[in-house]
Amino acid sequence: MWVLGIETSCDETAVGVVGPEGVVSDVIHSQDMHAEYGGVVPELASRAHAEKLVVSVRAALDQAGLKRPDAVAATAGPGLVGAVLVGLCHGKALSAAWGLPFVGVNHLEAHLLSPLLDRPAPRFPFLSLVVSGGHTALYLARGLGDYEVLGQTIDDAAGEAYDKVARLLGLGYPGGPAVDRLAGMGDPDVIPLPRPRPRLELPPTQRRGLTLARSELDWSFSGLKTAVQAAAHREPAPRPEDLCASFQEAVVDVLCDRVVKAARHTGVRQICIGGGVAANGRLRQRIAGLGLEAFIPPRARCTDNGAMIANVGRLRLLAGQPDPLSMTARAGWPPGERTPA
Ligand code: KG4
Ligand code: ZN
């Protein structure tokens with residue numbers, strides 16, 4: 001079965017095709033017009049998706065050598081809901097016009113399961129660290145659709161912290177790759193930065209409309225960002241390279257700390273990473289060195305892409321779980337929760 005996957009939840013218009021042997025095409029158009037605003041402008045993102053989708057679908061099918069796929073999948077959330085709607089409606093329209101099954105995919109589930117596209121692939125149950133611009137969470141994946149949140153950020157996502165530090169240092173948007181590059185030229189030991197942990201004695205937090213109980217596997221990144229800000233204004237001014245290296249080491253330290261604890265608590269020793277921050281060189285190196293069985297997707301499969309959406313669509317169809325075309329977009333959506341039609 002060949003599945004076309006459409007991803008438009010943020011600022012990448014991405015379309016991929018996945019077949020029995022894995023990824024056969026993966027077309028990505030990154031929107032660069034947001035850089036001058038220092039962040040993604042939702043309305044501009046939606047319009048650009050609408051402009052690029054037809055050519056991207058055509059290019060993905062051409063690359064795969066297909067006239068049409070056997071099924072269509074599209075991101076249905078979470079994300080910028082206007083942007084999600086553009087890709088979702090496009091996917092549903094293709095499915096209706098071609099008379100093909102449709103799956104509305106959870107973007108986080110797509111990051112979580114993207115290591116299944118590579119060989120060797122992890123086997124359930126495995127741990128999956130999803131670190132992106134909007135989300136940072138550690139899941140125990142027991143099977144398709146069966147994910148337990150072991151820990152999550154109580155404030156900023158890791159990618160958001162990268163982007164905010166980049167803005168502070170005037171490195172542009174998105175900031176992750178720029179901070180990653182500068183950090184490689186700096187010394188992480190020159191500027192001491194905290195390794196923040198959530199205070200378990202405090203009451204549950206509210207985030208994105210959800211009440212979250214605190215866990216020792218949670219993260220907090222907003223204090224770290226403030227510490228970087230304070231260090232940047234110190235005299236004499238620190239070298240941006242050292243600031244980036246120290247910030248990055250602190251982020252990677254706390255990410256790895258929770259992974260090691262989760263492996264100890266659950267006894268599960270397979271760890272996967274996904275999401276844009278999983279493209280980070282230092283995180284990839286440290287996760288690989290934890291003494292666990294690490295599954296690290298190629299960088300292009302960590303940042304948003306269409307193949308990861310096609311992957312979940314294909315797995316859901318093989319499990320006999322298509323979605324009705326009445327399915328709508330969801331701005332917030334925990335992975336694993338089946339959406340009402
Ligand atoms: O998964 P993704 O492409 O989009 C979302 O679903 O959010 O992640 C984007 C995030 C941005 O915050 C970006 O700065 C960060 O991933 N990122 C990185 C790197 N490449 C992208 N962060 C650290 N190091 C990188 N090399
Ligand atoms: Zn993403």
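The values are calculated or read from the model by the stated rules, or taken from the named source; none is laboratory data. The shown structure was predicted, so the numbers you read here are calculated from the model rather than taken from an experiment. All Cβ positions, glycine included, derive from the backbone under ideal geometry; neighbour counts span all protein chains shown. These accessible areas exclude ligands, DNA and RNA; they are computed on the full protein's heavy atoms, side chains included. Shrake-Rupley method; radii C 1.70, N 1.55, O 1.52, S 1.80 Å.
For an R0 of 22 angstrom, estimate the FRET efficiency from the Cβ-Cβ distance between E51 and A93 and round to the nearest 0.05. All intermediate terms of the calculation are to be shown ahead of the outcome.
On the way: r = 16 Å, r/R0 = 0.72.
The computed FRET efficiency comes out at 0.90.
Averaging the inverse of every distinct alpha carbon separation and then flipping it gives the Kirkwood radius. What is it for the range 1-148, in angstrom units?
Values: mean 1/r = 0.0627 Å⁻¹.
Across the range 1-148, the inverse of the average 1/r is 16.0 Å.
With both bridge residues required to lie in the chain, what share of the DSSP beta bridges run antiparallel, to the nearest 5%?
60
How much accessible surface does I191 have with a 1.4 Å probe, in Å² rounded to 10?
10
Rounded to two decimal places and with Rh computed the Kirkwood way over Cα pairs, what is Rg over Rh for the chain?
Values: Rg = 19.7 Å, Rh = 20.3 Å.
A ratio of 0.97.
For the range 123-296, which whole-number percentage of the solvent-accessible area (1.4 Å probe, protein heavy atoms only) is attributable to carbon and sulfur atoms? Display every interim value, and only then the final one.
Numbers: 3970 of 7540 Å².
Ligands and nucleic acids excluded, carbon and sulfur give 53 percent.
Run the 1.4 Å probe and let me know the accessible area of E51, rounded to the nearest 10 Å².
My reading of the accessible area for E51 is about 140 Å².
Of the lysine pairs in the chain, how many meet both conditions: Cα atoms under 26 Å apart, and a spacing of 8 or more in sequence or different chains? Let's see the in-between values first.
Details: K52/K67; K52/K92; K67/K92; K164/K225; K225/K261.
The number of close lysine pairs in the chain is 5.
Determine the per residue accessible area of the chain with all protein chains present and a 1.4 angstrom probe, expressed in square angstrom. Intermediate values should be presented prior to the final figure.
Details: 14110 Å² over 341 residues.
Roughly 41 Å² per residue, with all protein chains present.
Show M327, M33, M185 ordered by accessible area, largest first, where the area counts protein heavy atoms only and the probe is 1.4 Å. Working shown, then result.
Working: M327 5, M33 60, M185 115 Å².
Most to least solvent-accessible, the answer reads M185, M33, M327.
Keeping every protein chain in place, order R282, R239 by accessible area at 1.4 Å, biggest value first, i.e. largest first. Walk me through the numbers before you get to the answer.
Numbers: R282 70, R239 115 Å².
Highest to lowest solvent-accessible surface, that is R239, R282.
Put +1 on the Cβ of every Lys and Arg and -1 on every Asp and Glu Cβ in the range 123-296; which of G291, C244, V254 then has its Cα farthest towards the positive end of the dipole?
Working it through, the farthest residue towards the positive pole turns out to be G291.
With a 1.4 Å probe and every protein chain left in place, tell me how much accessible area R234 has, in Å² to the nearest 10.
Approximately 130 Å² for this residue.
Want the number for A59 to V149: 0.36 nm per residue separation, take away the alpha-carbon distance, what's left? Could you put the intermediate results ahead of the total?
Details: separation 90, 0.36 × 90 = 32.40 nm, distance 3.65 nm.
Net length gain for the segment: 28.8 nm.
Under a plain spin-label model, where a point goes 7 Å from the Cα along Cα-to-Cβ, how far apart in nm are A230 and R195?
For A230 paired with R195, the spin-label model returns 1.9 nm.
Could you work out [θ]222 nm for the chain from helices alone, using -39500 (n - 2.57) per DSSP H run of at least four and dividing by all its residues? Round to the nearest 500 deg cm²/dmol. Write out the running numbers ahead of the final one.
Details: 9 runs with 126 residues, N = 341.
Estimated from H runs of four or more residues: -12000 deg cm²/dmol.
Got a sec? What order do K67, K52, K225 fall in by accessible area at 1.4 Å, biggest, i.e. largest, first? If you can, show how the numbers build up before the last one.
On the way: K67 185, K52 70, K225 45 Å².
The most accessible residue leads, giving K67, K52, K225.
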